[in-house]
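Contents: one structure, followed by commentary.
Read the figures in this text as sums done on the coordinates, not as results from a lab. In this text the structure is predicted, and so the values were computed from the model without any measurement. Backbone-built Cβ (ideal geometry, glycine too); neighbour counts: all protein chains shown.
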Amino acid sequence: MSWEIKLAQPALGGIAATESFVIFGSRSLDDRKDLFQCYDTLAGLKLWELEYAAEGELDYGISPRTTPLIYGDLVFLFGALGDLHCVDLLSGEVQWKTNVRKAFVATAEMPWGYCGSPLLVDGKLIINPGAANASLVALNPKTGQVLWKSPGKASGYGSLIAGRFGGKLQIVGHDADSLGGWDPNTGKRLWTLKPPQENDFNVPTPINVDGQLLVSTENNGTRLYRFKDNGEIDPKPVAENAQLNPDTSSPVVVGDRLFCVHYVLWCLNANGKLERIWRLRDAALSKHGVIIASSDRLLVIGDGELLLLDPLADKPRIISRVKIFEDKVPPYSHPALVGTKLFIRSENRLKCLDLSN
């Protein structure tokens, strides 16, 4: 372990890091303010913090749910109640700010708050206010100026991605009740897909798999979609697996295999019919888990433990395991890996672990 710091409050948002900086959101000790902090990665020394009033009531508390976005010398910080700040990476000085819920008059109830992390596409900052006239918006990242607004539904609880599908660069993700694609230049909605089963919370992040779209949700399972030449999605899945239906965990793909944690570690054939190759049951795995993958290693973060696996093995093979927290708490906050340093938090601690040791 390189260093460890104690935190005032539990949080759900992910961690962003570079070789020099690690940034994450939390709450003030009195739980009346959002608190974003930046630490030095070498020694764990606090460099700056941003604190602002944010009072309300949400399920699972009102700590930030999103992952900060580092863009050159800027950082974008997005709170659960809609507060969006652009700050200087070195100093934490606010460059511009807005509250997207108020600015775009979003009126839909959001019991979990804003959970979708900011996205940069072609120099545009994409946010999902979930307002009737601004379901998605594109902002100038340096000024906050509105570049376009796309009308539509309330927000889902997952993050958007950008990718080339059907030969077109698209923003892809969920609103409250459907999957969609948007033109990043204009905000025009290109297609809409509603799944057979309703009431998905749409938390897991979709994945671009060689130009096809992999989607996992709790009521509709895991599906792989192809696209038409005009960029529209083919509504009939290429493959389906109804058994892998995670509430919150996002899958990852390594080569021709898909991995996801939902009570067990699932390994599916990503290039075939999403058939199960194997499953791993382990005491460290529960309803939620996080996976970070390379071409030949799979790092699975379970309840207080790290599991290192071989993703290419014919059956589950744990290479090593390390207990990192005494509390057996699911990893709701997504960690960050920079080189061999893993930045990870529990409810009340942030740790920097050197995985080369």
Checklist line | Overall dimensions of the stretch 74-180 as given by Cα atoms, namely Rg and Dmax in Å | finding: 13.4, 42
Note to self: Report the rotationally averaged projected area of the stretch 147-213 based on its alpha-carbon convex hull, in square nanometres.
What the structure shows: 4.6
Check: Gap in Å between the Cα centre of the stretch 34-62 and the Cα centre of the stretch 74-101?
Finding: 12
Checklist line | Projected label distance in nm at SER294 and VAL105, using a 7 Å step from Cα toward the beta-carbon | finding: 5.2
Next item on the list: Report, please, the projected area of the stretch 8-104 averaged over directions, based on the convex hull of its C-alpha atoms, in nm².
Entry: 6.1
Item checked: When the stretch 301-357 is reduced to its Cα atoms, the Kirkwood hydrodynamic radius in Å -> 12.3
Margin query: Explain nothing, just the number: relative contact order of the stretch 14-152, from Cα pairs under 8 Å at least 6 residues apart, as a whole percent.
Written below: 15
Checklist line | Dipole of the chain [Lys/Arg +1, Asp/Glu -1 at C-beta], most positive-end residue of HIS288, ILE171, VAL75 | finding: ILE171
Check: Can you give me the relative contact order of the stretch 175-262 as a percent, contacts being Cα pairs under 8 Å and 6 or more apart?
Finding: 22
Next item on the list: Would you kindly compute the Cα radius of gyration of the chain and its largest Cα-Cα separation (Dmax), both in Å?
Entry: 19.7, 54
Next item on the list: Could you list the GluC sites (Glu not before Pro) in the stretch 216-260 that lie in coil according to DSSP, counting only those with at most 12 other Cβ atoms within 10 Å of their Cβ?
Entry: none
Checklist line | Dimensionless Rg over Rh [the stretch 199-266; C-alpha; Kirkwood] | finding: 0.96
Notebook entry, point to check: How big is the convex hull of the Cα atoms of the stretch 122-179, per residue, in Å³?
Noted result: 83
Check: Do you know the relative contact order of the chain, to the nearest whole percent, from alpha carbon pairs under 8 angstrom that are 6+ apart?
Finding: 12
Next item on the list: Restricting things to alpha carbons, tell me how big the stretch 209-357 is in terms of Rg and Dmax, in Å.
Entry: 16.0, 52
Next item on the list: Provide the gained length on full extension for the span LYS236 to LYS97, in nm with one decimal, where the gain is 0.36 nm per separating residue minus the Cα-Cα distance.
Entry: 45.9 nm
Margin query: Output wanted: per-residue J couplings in Hz (rounded whole) for the stretch 253-267, from phi through Karplus 6.51 cos²θ - 1.76 cosθ + 1.60, θ = phi - 60°, x for Gly and Pro.
Written below: 10, 10, x, 9, 10, 10, 10, 7, 9, 8, 6, 10, 8, 9, 10
Margin query: Per DSSP helix of 4 or more residues, -39500 (n - 2.57); summed, then divided by the residues of the chain. What does that give at 222 nm, rounded to the nearest 500?
Written below: 0 deg cm²/dmol
Next item on the list: Distance check, please: which entries in LYS6/LYS351; LYS33/LYS323; LYS33/LYS149; LYS97/LYS124; LYS315/LYS341; LYS188/LYS228 exceed 20 angstrom between their Cα atoms?
Entry: LYS33/LYS323; LYS33/LYS149; LYS315/LYS341
